[in-house]
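Structure record follows, encoded as structure tokens.
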Amino acid sequence: MNRCSNKPNRNAAASAATTLEVLQAGPEVIVVHTLMGLRALDAKTGAIRWTASLPMARSGAVPHQVRLYPSLAKNDRIYVSYDDRLMAYRLADGQPLWAKPANVDGWIRDIVQHPAGIIMLPAGPPPDQATGNVRIINGVVQTGLNVARYDDGTMIAAKPLRMRGTVKDAMVTGDAVVLAVDADSKTFVNVLNVATATLRLQKDVKIKGELAYAELVPAGLLYISRSDASTNGEVNVIDLASGEPKYKDAIEGGKSSVLLYATEGSTLYVYANKDRHLYAVNRQDGAYHALGGEIKLQGNEDPTALEVRTAGLVLTSPQNMVIAGRDGQIKQQVYNPAPQLPGLLRALYRINSVRAGLYGAAASAYGDAFAQASRNATDTTAKRITSQLATAYSQGGAQLSGYSQQAGALASKRFKASLATPSSVFVLTKSPDGNGNVLLQIDKDSGQPRSRVDLGKQREPVYAVDDISGMLFLQTTSGTLAGYRL
């Protein structure tokens, strides 16, 4: 089952019921939510199979936020969340399967379908749109999480479990789930026992950066976090009895970067770009040690992927590949410099930059106009709809303006193309004879070229760029078109 939406940001706290929500519930049925409620359409003919109305919000208004979810374990249903409530609907006729909906404190931003129950992840709604009792501490809207039973929708916890903000992630680890909670741009974690809907830690624990990986090990909660704008990510272990981190001098990542990791048996391998070292972390007791010396890539690049293979640990970037033994010693290092951006492509990016800038300015102008209309409206429904339109256009303007800046920067940078496969990586580089460019297929186990695609000796190869999806489509020979991700 596939789920799609035309919302620009699925994690946004304030998504409106006027937003079209679409769920492909199998090969034959598409379920759509509009202002008129739910509609199931025949996937082949578009004919309406059934319709269903959602209950009104407690305030008597239509729900502000509606989301559709495929059922992973039971193919007779779909799940629909509307504001703070969740209901199961029968796919055959749209009838509700539970006597009453399950609910949380806050708005449901996502669900996790764990074998022991449906975990409803809450987000803090805007204060003026919240339903029920609203708790605000230090300017952060507090939420409450709960777990619903599959059979009847009843909730395992008698009262929602208090969360200090928006639950933005939930990582399944065995019979438990590690929760990541955002409160005032700070990340806190806790461990949820799903079957009993109880928390293992007495207090949420603040971590550095944003949660990227987590698992429960005998020593406690082993986690990896991503660096954010203000804090470096790290690898650490939280003692579940005390709630304290095991290491004060944990493995640390660099600013605005990701700690790369891969697992093999009882070992978690990590590459930290802050000191450019590989580390081995014991997945039982959390002990760690550095492997080998510094691994520095050429061309001012940082690794973007770490993989465990038979030959050893493989680090790759758009133009580099390093094969190291499990002791961290470098066995093979390959660098293929990227060619400069062709003049035509530089010109294309400059044109796109100007175009996006104009579109962004226009969208922002529409957003201002709808915002003014919302402020002047006296009808409640009109006020809410124009406010939502203002938000959508303003967000679109900001996104296009950001793209304009990115495209302008790309116009002066070198040209890269890298496509990873299970056993090899493709790298765009200069032709050995210096005349034109080639695409090399580099074997991940040996670091040696397997094959090459000659891009032609002409100074300007025939190609087209999809500047939205980031793909390069190249005419390699007459009648042959190849696509590469930029």
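The values are calculated or read from the model by the stated rules, or taken from the named source; none is laboratory data. Keep in mind that what you see is a predicted model, and the values were worked out from it rather than measured. Every residue, glycine among them, receives a Cβ derived from its backbone with ideal geometry; neighbour counts consider all protein chains shown. For accessibility, only protein heavy atoms count, side chains too; no ligands or nucleic acids. Shrake-Rupley method; radii C 1.70, N 1.55, O 1.52, S 1.80 Å.
Could you give the accessible area per residue of segment 128-241, probe 1.4 Å, as a whole number in Å²? If you can, show how the numbers build up before the last one.
Values: 5010 Å² over 114 residues.
It amounts to 44 Å² per residue over segment 128-241.
Per 5 Å bin, what is the whole-percent P(r) computed from every C-alpha pair distance within segment 168-321?
2, 9, 18, 22, 19, 14, 9, 5, 2, 0, 0
I want to check the label-to-label distance for D327 and K74. Put each point 7 Å from Cα in the C-beta direction and report it in nm to one decimal.
5.7 nm
How many angstrom lie between the C-alpha centres of segment 276-335 and segment 179-241?
26 Å
In nanometres, what is the gap between the two model label sites at R39 and T263, each 7 Å from Cα along Cα-to-Cβ?
About 4.5 nm separates the two model spin labels.
Per q in 0.28 1/Å, what log10 I(q)/I(0) does a Debye calculation on the alpha-carbon atoms of segment 266-318 return?
Per q value, in the given order, log10 I(q)/I(0) is -1.21.
Could you state how much accessible area T267 has, in square angstrom rounded to the nearest 10, with a 1.4 Å probe and all protein chains kept in place?
Here the accessible area works out near 30 Å².
Grab the other residues whose beta carbon is less than 15 angstrom from that of G46, score K and R as +1, D and E as -1, and report the net.
+1
Between T51 and S478, how many nm apart are label points set 7 Å from Cα along the C-beta direction?
Once both label points are built, they end up 5.9 nm from each other.
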